[in-house]
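S.K.: Below is the structure I would like to discuss, written out as structure tokens.
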Amino acid sequence: MSFSADAKRELAAVDTQKLCCQRAECYGLFLFAKAFSFQEIALVTESAPVARVAAQLAAELCGCMADISSALVHRGRERLSFTVTIPGRDQRAEMMHFFAQPLNAINLRLQMDMLEKPCCERSFLRGAFLSCGTVTNPKKDYRLEFTVPFMKLANDLQQVLAGLDGIALQPGIANRKGNFVVYLNGSGNVEDLLTFMGAQNASMEVMQEKMLKEVRNNVNRRTNFETANLDKTASASARQLLAIQAVIAGPKGWEAFPEELRELAWLRYQNPEMTLRELEGRLTERVSRSGIHRRFHKILEMAEALEHKKE
């Protein structure tokens with residue numbers, strides 16, 4: 001089961017107590033359904049719990065007995081799809097009247113009277129999401145969408161989302177294949193709306209996945225930084241070792257090194273993997289790391305001078 005399907009199952013299980021909120025949830029379910037007009041009322045969903053909630057609310061609130069049918073659909077993989085329809089002109093007229101929808105409207109618009117109290121916005125958005133919403137698996141991305149057939153209705157939904165008290169959402173609208181998509185991007189937006197609608201478990205999963213990604217990114221950054229430092233240290237050590245080998249291969253051998261350089265050259269020759277900090281701790285004479293840098297620079301100059309003599 002997908003993350004979006006799990007979120008809808010969680011939302012469908014929310015027990016809406018107030019009558020005004022039940023009406024708002026039912027309104028959200030059918031307003032954003034496949035068809036909501038005097039000629040046809042049909043909600044299509046791949047979630048059995050959503051189909052049951054829609055039929056139950058239609059019966060309890062509007063007195064409309066819905067038909068539920070199912071069919072297998074083949075879109076990438078075989079899935080079961082449910083269609084909730086309101087049969088009969090009288091029943092459809094009753095539902096349209098209940099939600100104050102004009103029978104002859106060409107474009108659907110949100111009737112704000114259906115959201116008579118602030119608490120109703122929560123239920124309305126829950127119904128809208130159950131009807132036409134999707135949320136991306138947080139392992140892949142942070143995005144929540146509502147697919148809406150009418151531009152003005154999409155604008156109405158965007159205004160509701162942007163005007164919610166207590167949460168600052170930033171909904172956008174995009175046109176996709178003839179439909180209008182009202183969307184939220186970013187983990188914060190997705191978490192806040194899922195929590196607001198009542199999907200606390202789904203919201204927590206988004207939050208946990210975000211935290212895991214941040215931990216992984218921090219570990220990767222630290223590992224890359226440490227690897228780069230190790231590469232840099234190994235490269236410097238290799239150059240120093242080659243310089244020392246070039247000097248001792250000369251006629252004077254180790255005696256070519258001045259006394260202040262000889263011990264450091266010997267330590268590096270015997271311990272090519274040692275860091276400057278470790279070399280600093282092994283020297284009998286107290287020398288700072290900057291001092292060790294200068295001494296290695298002198299050793300490199302000695303090796304270069306020998307190479308020039310050979311030429």
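The values are calculated or read from the model by the stated rules, or taken from the named source; none is laboratory data. Quantities reported herein were computed from a predicted structural model and do not represent experimental measurements. Ideal geometry is used to build each Cβ from the backbone, glycine not excepted, and the neighbour counts take in all protein chains shown. Keep in mind that these areas ignore ligands, DNA and RNA; they rest on the heavy atoms of the full protein, side chains included. Shrake-Rupley method; radii C 1.70, N 1.55, O 1.52, S 1.80 Å.
S.K.: What accessible area per residue, rounded to a whole number of Å², is obtained for the chain using a probe radius of 1.4 Å?
M.R.: 56
S.K.: May I pose another question? Of (1) 14.4; (2) 16.1; (3) 26.3, which one was derived for mean projected area of the Cα convex hull in nm² from the structure shown?
M.R.: Matching entry in (1) 14.4; (2) 16.1; (3) 26.3: (3).
S.K.: If you don't mind, another one. Does anyone have the angle between helix 89-98 and the longest principal axis of the chain? Alpha-carbon axes, 0 to 90°, nearest 10?
M.R.: Computed tilt is about 60 degrees.
S.K.: Right, next: First measure r as the distance between the Cβ atoms of Ala35 and Asn201, then evaluate 1/(1 + (r/R0)^6) with R0 = 41 Å and state the FRET efficiency to the nearest 0.05.
M.R.: Using R0 = 41 Å, I get an efficiency of 0.85.
S.K.: Right, another one. Which lysines, if any, have their Cα less than 16 Å from the Cα of Lys177, not counting same-chain residues under 8 positions apart?
M.R.: Cα-Cα hits under 16 Å: Lys34.
S.K.: Could you give the nm distance between label points at Asp15 and Glu259, where each point is 7 Å from its Cα heading toward the beta carbon?
M.R.: If labels sit at Asp15 and Glu259, their model points lie 9.1 nm apart.
S.K.: Can I ask one more? Quick check: Cα centre of the stretch 182-202 to Cα centre of the stretch 74-153, how many Å?
M.R.: Between the Cα centre of the stretch 182-202 and that of the stretch 74-153, the gap is 17 Å.
S.K.: Still on this model: When we measure straight from the Cα of Lys18, which lysines land under 26 angstrom away, once same-chain ones fewer than 8 places off are left out?
M.R.: Within the straight-line limit of under 26 Å, Lys18 reaches these lysines: Lys8, Lys117.
S.K.: If you don't mind, another one. Add -39500 (n - 2.57) for each DSSP H run of 4 or more in the chain, then divide by its residues: what number comes out at 222 nm, to the nearest 500 deg cm²/dmol?
M.R.: Per the formula, -18000 deg cm²/dmol.
S.K.: Moving on. What list of ³J(HN,Hα) couplings, whole Hz, do you get for the stretch 50-63 from phi and the Karplus terms 6.51, -1.76, 1.60, once you set θ to phi - 60° and write x for glycine and proline?
M.R.: 5, 4, 5, 4, 4, 5, 5, 5, 4, 6, 6, 8, 9, x
S.K.: At 0.36 nm per residue, and after removing the present C-alpha to C-alpha distance, how many nm does the segment from Glu94 to Ala236 gain when stretched out fully?
M.R.: 42.8 nm
S.K.: While we're here: Run the simple label-point estimate for Arg289 and Ala168 please: 7 Å along Cα→C-beta, distance reported in nm.
M.R.: Computed distance between label sites Arg289 and Ala168 equals 4.2 nm.
S.K.: Once you sort the root eigenvalues of the Cα gyration tensor of the stretch 1-142 as a ≥ b ≥ c, which label holds: rounded (a/c under 1.5), prolate (a/b larger than b/c) or oblate (the other case)?
M.R.: oblate
S.K.: Sticking with this structure for a sec: At a threshold of 8 angstrom on Cα-Cα distance, excluding pairs fewer than six apart, so keeping six or more, what relative contact order does the stretch 20-86 reach in percent?
M.R.: 32
S.K.: Another question about this same structure. Please find the FRET efficiency linking Glu280 to Lys139, where r is the Cβ-Cβ separation and R0 is fixed at 41 Å, and quote it to the nearest 0.05.
M.R.: Using R0 = 41 Å, I get an efficiency of 0.35.
S.K.: How many angstrom separate the Cα center of the stretch 1-61 from the Cα center of the stretch 274-311?
M.R.: That distance is 76 Å.
S.K.: Of the accessible area of the chain, with the probe set at 1.4 angstrom, what percent is carbon plus sulfur?
M.R.: The nonpolar share, carbon plus sulfur, comes to 51 percent.
S.K.: Assuming a viscosity of 1.306 mPa s and a temperature of 10 °C, what translational diffusion coefficient in µm² per second does Stokes-Einstein assign to the stretch 37-97, Rh being the Kirkwood radius over Cα pairs?
M.R.: 132
S.K.: Could you give the size of the charge dipole of the chain about its Cα centre, using +1 on the Cβ of each K and R and -1 on the Cβ of each D and E, expressed in debye and rounded to the nearest 20?
M.R.: For this selection, approximately 600 debye.
S.K.: Separate question: Please work out the FRET efficiency for the pair Leu212 and Ile248, using the Cβ-Cβ distance as r and a Förster radius of 35 Å; give the result to the nearest 0.05.
M.R.: Result of the calculation: an efficiency of 0.10.
S.K.: Here's another thing I want to ask about it. Report the extension gain between Val73 and Arg52 in nm, rounded to one decimal, defined as 0.36 nm multiplied by the number of residues separating them, less their alpha carbon distance.
M.R.: Going from the current span to full extension adds 5.6 nm.
S.K.: Further question on the same structure: If I stretch the segment between Tyr269 and Asn185 completely, what's the gain in nm (0.36 nm per residue apart, minus their alpha carbon distance), one decimal?
M.R.: Extending this stretch completely gives an extra 24.5 nm.
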